[in-house]
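The values are calculated or read from the model by the stated rules, or taken from the named source; none is laboratory data. The shown structure was predicted, so the numbers you read here are calculated from the model rather than taken from an experiment. Here the Cβ positions follow ideal geometry from the backbone for every residue, glycine too, while neighbour counts run over all protein chains shown. The accessibility values were calculated without ligands, DNA or RNA, using every heavy atom of the protein model including side chains. Shrake-Rupley method; radii C 1.70, N 1.55, O 1.52, S 1.80 Å.
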Amino acid sequence: MGMDTEEEQEFGAPQDSEWPELEKAERLARGAALKWASGVFYSPKQLTRLDQYRSREAQRMCSIESRIKSTVQSYLESVQTGLQQLGLALKEVQEAGEALVGAQEALSKQAEVAHTLGPLRELANQHRQLQAVTLLLPQLLAVPEAVARTQALIKGNRFLEAYGVLRQLEQLRDEVLDPLGRPELSLFEGLTPLGEELGLAMGKVVGSARQLARDDPALLVAAVRVAEFEEERDIQLQSSSPGRPRAWRQCCLGALRKALEEAYFEGPAPGPPGLAGHLATLQEALPAELALAEALVAPCCPGDYRVVKLWAHTLHQGLCQHLQQLLDHEDLGTQDIFTLLHWALHIYPGPEMMGHPDLNPEADISELEPLLSPEAVEQLERTYTEKLKISIAKWLQKALDGEVAEWFREQEPDVGPEGFYYSSLPAVVLQILDENIRVTAVISSSLQERVHGMALRELGTFLRSLIEALERFSQEHLRNAFRPRHYVPYLLASLNHYAALSSSVSLLKPTGMSTTTTGVSAAIDAALGDLKKKICRLIMDALLEELQPLFVALPSRQWLSSLVMLDNVCEKTASFCSQFSRVQSPMAQMLLAESERAVVLEYLRGLMQGKLVCRNSTERIQASERMLQDSAQLRELFLSLELEENAQTGAVLSALQELFRLQDPALLSLEVSSFLHKFPDVSEEHIGVLLDVRGDVSREQRQVVLETMQANPPPSPPPDGHRPLFSLVPVPSPPQAFCFPAGSCS
């Protein structure tokens, strides 16, 4: 550390800090030197060489100082040269500033002089304009004459010449007015109206293109050429010239459209009486019009006019508006709506009209909107269906009125080839419905579905009306048994009507119809079922009307001892049922089954009156045998009428006779249980009446039988097809005090 201090004193530390960078560099150098010296002279042996090191370092310092002085001297000389150049530049800038000030003063003086020359300049400009106008003066003097000549050419339909003169006049106007700033000049005021007059004249001529294409195609070509020339000038000049753009090309196209619309659709739409003829006329005229456009008009026009496409689209749009006007102002009937829908949906787009194979492809209308919008088609279909519904209802009512009138004829119903009662009513009804359903297939499936549903609903209404008519028919018969002379035969004929209608309803559904009409079909099935029940009920009522007087004697002692009563019943029944041969087979079998059941029910009703009380076992045996014989006689009767035994209900009489044949009343509970198992709808009241008729059942025995019935489990549901008997047989009121007690005749 002592050496370091010594070295610092030897080399001398800086005395000021005016140059901090120099001070920092010197301090770093001193530190590096001290570090080197500390390393070199750390060993005592090396201290002997200190003088050598000092001498060598002194020489090196002198060399460094000389180099530094040389460098500093070079920098100083460069700085001196720069200062000299800056001085010269400053002097030159000062001289330039003085020159600019002088120039600005001179320029100010020149501006004042130029301002005094403005009127002279304006006068020179006017002189040049007057000179130009003077040169064009002969042409300007000829302008009125050229305007008059152009008007004459326009009136003479010489459009190319008129257009040439008009172009010259417009060019002269531009040459005169453009240099003058386009001032208003009365000399050229007539050019704009003249151009409008030419445009109107050309539009009128182009509007007659359909006729000119035949008579004077050159005139049409001239008008179109002028329009095309002006179209190019409109593009070039745009709005830089007065009256631009003239758009004569669009005017010509508009005139063509308007002429077509006036030719076919200008007049009022025809009323319903002439609609079919009007559409037939359009069917012939429109394809011919397109052929005319392709053959005669198109060659007279540029290709980009696309005349055939223009014709087709114009006719299509005009026809759309025409039909809409017809729908808005006319109340169309069903035939007119049908004609219109068929024409618009099938004839017009089909090969007979706009889809004709010989027409130009440009006449394709498949991409255009349909003649009738989907909403209009739906409204028309709805209106058609509603009006057709009214008509069908009238037709069906008329057919029904005719049928009802025949019911009161003096002769029986007509008989068909198969020997059955026949009437044209089912055929007429089905024909009315079927024809109106199937004819709509040529329109659309949606309309056919609408009409099919409507027809089924009207059929249901008709069936209800037929039921009401049958009810009135029966009321008339009740008032006067001889008024409808052939009451039952016409009921049988009506049953044949039911069979024909029920078997043909499914045929009304068009092939391929996807929409289901489950609800409507169910209503039809219900109406047909009600019709069948009504007719059968009326026929059975007529049968019972003949049989009931014969069952008055049942039961009685005369009945016990004589076969006359049931013989008469069988005779009447056989005579009545013989008429069923005029009914088709399924219905005839049903009537036989219903007749047999009606006879058995009437038999049971007679027994349940309790008018007979057996006095002894002999009478009970007689009653048993009588019921057994009656059951066999009825079975044989209906077998002879070709009613199968399994369809008969007379077996109930065989079962009943067992209750009377039983000798021991104490065993009645077992017999009644067996009977209840066979006929589960028999009630305690029914059994009570039968026990009363037996005449030997004490009060206690009666109570045991009834308790046995109550103790038995409820009978199982009857099998399918089983129809109740006893539930339809009324039980008389309990016996009054004056009646014989149950066991008085035992």
### Query
Which residues, counting only those in the stretch 583-603, are open to solvent by less than 20 Å² (accessible area, probe 1.4 Å) and either closer than 14 Å to L691 by Cα or outside any helix (DSSP H, G or I) (or both)?
V583
### Message
Between a residue in the stretch 293-309 that is in contact (Cβ under 8 Å) with a residue 60 or more places away in the chain and any residue that is of a type in the set (D, E, K, R) and crowded, with 18+ Cβ neighbours inside 10 Å, which pairs come within a Cβ distance under 7 Å, given they are 6 or more apart or on different chains?
### Response
V297/R210
### Message
Take the residues in the stretch 555-568 that are under 19 Å from E636 (Cβ atoms) and among the aliphatic types (A, V, I, L, M); name whichever of them is modelled with the highest pLDDT.
### Response
L566
### Task
Filter the stretch 204-234 for residues that are of a type outside the set (A, V, I, L, M, F, W, C) and either farther than 19 Å from E262 by Cβ or in a loop (DSSP other than H, G, I, E, B) (or both) and give the result.
S208, D216, P217, R225, E228, E230, E231, E232, R233, D234
### Query
Are there any pairs, at least 6 apart or on different chains, whose C-beta atoms fall under 8 Å, with the first in the stretch 345-363 and surrounded by fewer than 14 Cβ atoms within 10 Å (Cβ to Cβ) and the second modelled with pLDDT of 80 or more and among the hydrophobic types (A, V, I, L, M, F, W, C), and if so, which?
D358/A291
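Determine which member of the set K572, K534 is open to solvent by 60 Å² or more (accessible area, probe 1.4 Å) and at pLDDT 85 or above. Walk me through it before giving the result.
Details: K534 fails: open to solvent by 60 Å² or more (accessible area, probe 1.4 Å).
Criteria check complete, one pass: K572.
Just checking, which of L396, L400 is more than 30 Å from A481 (Cβ to Cβ), open to solvent by less than 60 Å² (accessible area, probe 1.4 Å) and not basic (K, R)? Write out each step before concluding.
Values: L400 fails: more than 30 Å from A481 (Cβ to Cβ).
Exactly one of L396, L400 is more than 30 Å from A481 (Cβ to Cβ), open to solvent by less than 60 Å² (accessible area, probe 1.4 Å) and not basic (K, R), namely L396.
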### Message
Considering only the stretch 450-459, I want to know if a residue exists there that is part of a helix (DSSP H, G or I) and either aromatic (F, W, Y) or open to solvent by 50 Å² or more (accessible area, probe 1.4 Å) (or both).
### Response
yes
### Task
Go through the stretch 489-511 residue by residue and tally those that are within 23 Å of C577 (Cα to Cα), among the hydrophobic types (A, V, I, L, M, F, W, C) and open to solvent by less than 20 Å² (accessible area, probe 1.4 Å).
5
### Query
Among the residues of the stretch 312-334, which ones are out of contact with any Lys or Arg (no Cβ under 9 Å at 6 or more places or on another chain), touching a residue at least 24 places away in the same chain (Cβ under 8 Å) and not aliphatic (A, V, I, L, M)?
H316, C320, Q321, H322, Q324, Q325, H329, E330, D331
### Message
Looking at the stretch 61-109 only, could you name the residues that are hydroxyl-bearing (S, T, Y) and open to solvent by 100 Å² or more (accessible area, probe 1.4 Å)?
### Response
Y75
#### Entry: Members of the stretch 292-328 that are open to solvent by less than 50 Å² (accessible area, probe 1.4 Å) and of a type in the set (G, A, S)
A293, A298, A312, G318
### Message
Here's a check for you: in the stretch 366-393, which residue that is among the acidic types (D, E) and either under 20 Å from I347 (Cα atoms) or not in a helix (DSSP H, G or I) (or both) is least open to solvent (accessible area, probe 1.4 Å)?
### Response
E381
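Please report, ordered by residue number, the helices (runs of 4 or more DSSP H) entirely within the stretch 261-365 with at least 1 residues that are more than 31 Å from the chain's Cα centre (by Cα).
Numbers: elements: 275-292, 307-329, 334-342.
By residue number, 275-292, 307-329.
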### Message
One residue is enough: does the stretch 543-558 have a residue meeting the conditions more than 46 Å from the chain's Cα centre (by Cα), open to solvent by less than 10 Å² (accessible area, probe 1.4 Å) and under 18 Å from L592 (Cα atoms)?
### Response
yes
### Task
From (1) open to solvent by 30 Å² or more (accessible area, probe 1.4 Å); (2) under 19 Å from T314 (Cβ atoms); (3) at pLDDT below 85, pick out the condition that doesn't hold for G274.
(2)
### Query
basic (K, R), open to solvent by less than 60 Å² (accessible area, probe 1.4 Å) and closer than 23 Å to V429 by Cβ - does that describe any residue in the stretch 462-481?
no
### Query
Which of the residues belonging to the stretch 622-653 are in contact (Cβ under 8 Å) with a residue 40 or more places away in the chain, in contact with a helix residue (DSSP H, G or I) (Cβ under 7 Å, 6 or more places away or on another chain) and not in a loop (DSSP other than H, G, I, E, B)?
Q622, A623, R626, D630, Q633, L634, L637, F638, A647, V652, L653
### Message
Take residues that are among the acidic types (D, E) and modelled with pLDDT under 70 and tell me which of the helices (runs of 4 or more DSSP H) falling wholly in the stretch 102-200 contain 2 or more.
### Response
159-177
### Message
I'm trying to understand the selection: among the residues of the stretch 403-413, which are surrounded by 13 or more Cβ atoms within 10 Å (Cβ to Cβ) and either among the hydroxyl-bearing types (S, T, Y) or outside any loop (DSSP other than H, G, I, E, B) (or both)?
### Response
E403, V404, E406, W407
### Query
If you scan the stretch 416-426, which residues turn out to be open to solvent by 50 Å² or more (accessible area, probe 1.4 Å) and farther than 13 Å from S494 by Cα?
P417, E418
### Message
What pairs come out if I take residues in the stretch 696-723 that are charged (D, E, K, R) and pair them with residues that are modelled with pLDDT under 80 whose C-beta lies under 6 Å away, six or more apart or interchain?
### Response
D696/S746
